[in-house]
Each structure stands twice: as structure tokens, then as C-alpha cells.
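Undergrad: Here it is: the structure, laid out below.
The values are calculated or read from the model by the stated rules, or taken from the named source; none is laboratory data. Here the structure is a predicted model, which is why all the values come from computation and not from measurement. Using ideal geometry, Cβ is built from the backbone for each residue, glycine included, and neighbour counts are taken over all protein chains shown.
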Amino acid sequence: MERTQVVVPAGEIQRQRGIITQIAGELSRLDHPPLAMVDTYGCQQNVADSQRLMGMLRDMGCDFTQDPFQADIIVINTCAIRDNAEKKVFGVVGQLVHAKEHNPRQVICLCGCMAQQEIVAKKIRESYRHVDLVFGPQALWKFPELLHEVLENRKRVFSIENVHGSIAEGLPVVRESNVKAWVSIMYGCNNFCSYCIVPYVRGRERSREPGEILAEVRQLVEDGFKEITLLGQNVNSYGKDLLSPMDFADLLAEIDKIPGEYLIRFMTSHPKDAGEKLFDTMARCGHVAKQLHLPVQSGNSRVLRAMNRGYTREQYLEKVRYARRVMPELVLTSDIIIGFPGETEAEAMDTISLIEEVRYDALFTFLYSPRPGTPAAKLPDPASREEKQAWFDRLLEAQNRISGQLHQAYVGRTVRVLVDGESGDPRWPLSSRTHGGRLVHLSGSADLIGKYVDAHVTDSNTWALFGEVRA
Ligand code: 5AD
Ligand code: SF4
């Protein structure tokens, strides 16, 4: 019952396409070819969303620019996960007042996770009057209609309703690479980790139909894409809401049957829902990269409970042990938050002891940032910023040593990599990734981009490997 309401009817998407054509007609009457600028902050889901927005803008006849003074339409796709991400966006949006003075007919749009927050929308409404259109992630598919309203009536439009969210199929897309592609398999999050704003801004979990996902991946493989990353806030919840339930491991196994030379990656996995079935399926499926981003957040079970994560330190470690048993070559990465309210020095050190035990290939590390409206933001937080920074620095020191050691062990080995672009460094002009996702800077010529090659690793540092192509 609820399910059918979640998918945007095809007729609605068709109507948006009609509005795109109408806008294209209007923009073609400008005295110059229309230009759009799309500026993206935050996670891969935002990158994927921006590719859809760019698809719509392209179909409106726009070319793309990075210069706000040249742009007729500016879209800032924002992230709300931490305070510094929000501050940066407010700085960027504030600066746009000059571009708007230069070109008063310019349309400035703010979308993404920040836009979905009442307090942000209020601040934009009151203090950033040069912003014309504000819409949350749930309204992305309605962008043509909202933009048209601004263009036609020259009035400001705010669309931040619909907290549950929907699924829109068949939106146009601009893929910025022809080697790597993002495929969203689900949207939203139901986990409500106590520090996190995402469930409040991206709505409830909703999964795309497997048939839609398989068709998209099949098309990408046919078009020559070599690396496809499945996206979801928590891919392990995939399928729970489908009318004929299917879990993420089953979806991976179905995708794996698509013939061709390509790799499947996915993110993010929540440890509480990642289990033996998933790891066995990964181990068995030849197209699935032996790479797992499994955010632990903390190595202390009391803190994990306060974070509402749904697993203990021991349960997490047991999952890692199992995953490594079935995939000895597994590349494992994680997210860590230091300084959760009430965390003590001993508890922060438990996180360091966990990373020493797991020996992750790489980590994404964050200082806790209070998000208004989340339960954690109301907790007492006695540790000072300086103390937290000192714990954070110790964590980084330990991880840098571990990453350096793990990378050093690649030196002298030959590994299969996908050459995915240019690096900008004349000594190692190509960038590439191992099957496990480690970055390898390579010597060689640009005609190798998009190809799998064997790379002999000659050097390494904390962040990357360096090598040459083996004939
Ligand atoms: N403060 C700091 N880090 C956070 N993350 C999510 N919310 C917060 C917050 N309030 C981190 C988590 C998550 C990653 C995407 O961002 O580690 O896994
Ligand atoms: Fe945030 Fe937790 Fe959902 Fe990840 S799983 S988006 S950390 S609430």
C-alpha cells in the first residue's frame, strides 16, 4: 500500500520532461547559449544527485561552467553532516551576491541536505535574499517545475516538504566519467544514530525495484563503464520495504550475473546489518570488489550504545574476522567519530586499540559536530575541544602508521588496476585503483584510461601506491 505511493508515477516524470522542453525553449531566446554551474558538497549520494540535476539542465539546453559570473543558473548541492560543511556553504552562497549583482536575471538554487532543514531555509529566506530556489533532496525530481515557477513568476520558491521521500525513475543524467558510474539503489535512512542528521533530511528508507537497478547496471556495462558503485545510506537495509522482499546480498548476486569486464563496489554498509550471507556472496561473486567500507564509529561498547549503533565492539570484530576469513585479500575502511558527547579519554583510546587490532587500509576520521535536532546534541559534553583534538591526533598518527605499513607491503608486487584518469603529476601521469580500491599513481600514456592493466608497484606512502604498467 505504502510502497505504491513511494514511486513517483511515470506520468509525473513525463510532465517534468515536458517542463524541461518548455524551459529549453525559453532559455534559447537568451542572447547567448545558456550556462549552468553545479557546485556539489558532501557524499557520493550528492554527487549522484548532482549528475541528475546536470542531466535536467543539459536537457534544458545548458552547457556547464565553473564561473558563477558566467552562469545563468547556479545550483549549490549541500551537505549537512557537520557544522564545518554548512559554514563553507554559507560562505559560498554569501559570495554569490556579487554574481547576482553582475547578472540580476541569474537564478540561484540551493538544494541537498542543508536545504531540507527548517532553520537553514529560514536563514536563507531572511538573510540570503539573492537565493531564488530552495529544495530538499526529496524534491529533486521536481526541479524543472520549481525552476519554471521561479523563471515565470520571478518569485522565490521554497520546497522542503515531503519528509518521507519518494523514488523517481527515468530522470536524465550526465555521467562525468565514462569509466566510473554511481547507481543509487536506495534512499533515506531509518537508523537514527544519535549524532546524525541524515534520517531527518533524507527521509525514510526506500529501495528501488531490482529490475530498475539491473537494467541501469546492464546499460552501463554495455556502454563500457568499468566500475559501478552502488549507493545507499545503508545498503544492507536494501529491499526491506519492497513488495517482494529481496536482500542486498541477493541483489549483488543478481548483478554479478551480468556478463562483461567490470567491478561492482558499494557503500555504505551498516555493521549491524552486514552478516555472513553478504560476506559469502561478496567472496563468491567475481564482479564484486573485495572491498568493504564498514563504519565502526567507535571502539567502545558504551559509546556505541549511546550512538544507537546496534552492535558492540566484540560483535563488530567478529564480523570483520568472518569477512577476512572468507576474503583474505579484503580491503577494509571505516569512519570514526572522536569526541562523541561524554566520551572519556579511555573510551577514545578503545577506538585506537580497535583500529590497531583491525588494521584498516584507510580511515575517514571526524571530530564530533553537534547537529541541532539530534538526540546527541542534547547530551552533556564535558571534554574540551583541545582534549578531543589531542585524541584525534593520536588516532591519525596510529592510522597513518598502519596505512603506511600496509601500503609498503604492496611494493615489489604486481597488481591488477583500472586506469581511471589523469593524476596531474608529470612523473606518474595516470591514476588507477586496485580491485580493493587503493589508489595507484602510474607512469604510462593517457590511452590506457578506461583499461585494466597489470601494475608493478615500485613505491608507496601513507595515502597511495606508485608504479609502472607491466606489458
Ligand atoms: N559529527 C561528526 N561526524 C559525523 N558523521 C555523521 N554525523 C556526524 C556528526 N554529527 C560521520 C559518521 C558517518 C560519516 C558519513 O560522517 O562517521 O559515518
Ligand atoms: Fe547517519 Fe547512522 Fe543513517 Fe549512517 S546509518 S546515515 S550514520 S543515521
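Undergrad: Output the qualifying pairs, or none if there are none: Cβ atoms under 6 angstrom, residues six or more apart or on different chains, first residue in the range 285-306 and over 24 Å from MET327 (Cβ atoms), second residue within 12 Å of ligand 1 (Cβ to nearest atom) and outside any loop (DSSP other than H, G, I, E, B).
TA: Going by the 6 Å Cβ cut-off, the qualifying pairs are SER298/THR351.
Undergrad: So for the range 239-257 (the condition being closer than 27 Å to SER432 by Cα, within 14 Å of ligand 2 (Cβ to nearest atom) and among the acidic types (Asp, Glu)), does at least one residue qualify?
TA: Within the range 239-257, none of the residues are closer than 27 Å to SER432 by Cα, within 14 Å of ligand 2 (Cβ to nearest atom) and among the acidic types (Asp, Glu).
Undergrad: Here's a check for you: in the range 232-262, which residue that is among the aliphatic types (A, V, I, L, M) and crowded, with 21+ Cβ neighbours inside 10 Å is farthest from ligand 1 (Cβ to nearest atom)?
TA: ILE255
Undergrad: Does ASN162 qualify as being farther than 23 Å from ALA121 by Cα, at pLDDT below 95, assigned to a loop (DSSP other than H, G, I, E, B) and more than 16 Å from ligand 2 (Cβ to nearest atom)?
TA: No, not satisfied.
Undergrad: Scan the range 22-42 residue by residue and report those that are more than 24 Å from GLY112 (Cα to Cα) and of a type in the set (Ser, Thr, Tyr).
TA: Residue satisfying the conditions is SER28 alone.
Undergrad: A further question follows. Do we have any residue at all in the range 225-237 that's in a strand (DSSP E or B) and among the basic types (Lys, Arg)? Break it down stepwise before answering.
TA: Our first condition is that a residue be in a strand (DSSP E or B); within the range 225-237, this holds for 227-231.
Now drop any that are not among the basic types (Lys, Arg), which leaves none.
Within the range 225-237, not a single residue is in a strand (DSSP E or B) and among the basic types (Lys, Arg).
Undergrad: From the set of residues in the range 165-197 that are out of contact with any Phe, Trp or Tyr (no Cβ under 9 Å at 6 or more places or on another chain), within 16 Å of ligand 2 (Cβ to nearest atom) and not in a loop (DSSP other than H, G, I, E, B), which is farthest from LEU418 (Cα to Cα)?
TA: Ranking the qualifying residues of the range 165-197, first place goes to TYR187.
Undergrad: Which of the residues belonging to the range 457-471 are closer than 21 Å to GLU261 by Cα and in contact with a Ser or Thr (Cβ under 8 Å, 6 or more places away or on another chain)? Give the steps one after another, and end with the answer.
TA: First pass over the range 457-471, keeping only residues closer than 21 Å to GLU261 by Cα: 469-471.
Listed by number, the residues that qualify are VAL469, ARG470.
Undergrad: I need every pair where a residue in the range 178-207 that is within 11 Å of ligand 1 (Cβ to nearest atom) has its Cβ under 6 Å from the Cβ of a residue that is of a type in the set (Gly, Ala, Ser) and at pLDDT 95 or above, sequence separation at least 6 or different chains.
TA: Sorted first by the residue in the range 178-207, then by its partner, the pairs are SER194/ALA376; TYR195/ALA376; ILE197/ALA80.
Undergrad: Moving to a separate point now. Restricting attention to the range 321-358, which residues are of a type in the set (Phe, Trp, Tyr) and under 20 Å from ALA274 (Cα atoms)?
TA: Filtering the range 321-358 for residues of a type in the set (Phe, Trp, Tyr) gives 322, 340.
Across the range 321-358, the qualifying residue is only TYR322.
Undergrad: Taking the range 79-89 as the region of interest, how many residues are surrounded by fewer than 20 Cβ atoms within 10 Å (Cβ to Cβ) and in contact (Cβ under 8 Å) with a residue 24 or more places away in the chain? Break it down stepwise before answering.
TA: Of the range 79-89, the ones surrounded by fewer than 20 Cβ atoms within 10 Å (Cβ to Cβ) are 82-85, 87-88.
If we keep only those that are in contact (Cβ under 8 Å) with a residue 24 or more places away in the chain too, we end up with 82-85, 88.
Of the residues in that region, 5 qualify.
Undergrad: Let me ask something else. Only one residue in SER334, SER369, SER353 is at pLDDT 95 or above and away from ligand 1 (no atom under 11 Å from the Cβ). Which one?
TA: SER353
Undergrad: Can you name the number of the only condition in (1) outside any helix (DSSP H, G or I); (2) within 24 Å of GLY232 (Cβ to Cβ) that ALA71 fails?
TA: Every listed condition holds for ALA71 apart from (2).
Condition check ((1) closer than 22 Å to TYR195 by Cβ; (2) surrounded by fewer than 19 Cβ atoms within 10 Å (Cβ to Cβ); (3) modelled with pLDDT of 95 or more) across all residues:
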| site | (1), (2), (3) |
| --- | --- |
| CYS109 | no, no, yes |
| CYS113 | yes, no, yes |
| PHE135 | no, no, yes |
| ARG154 | no, yes, no |
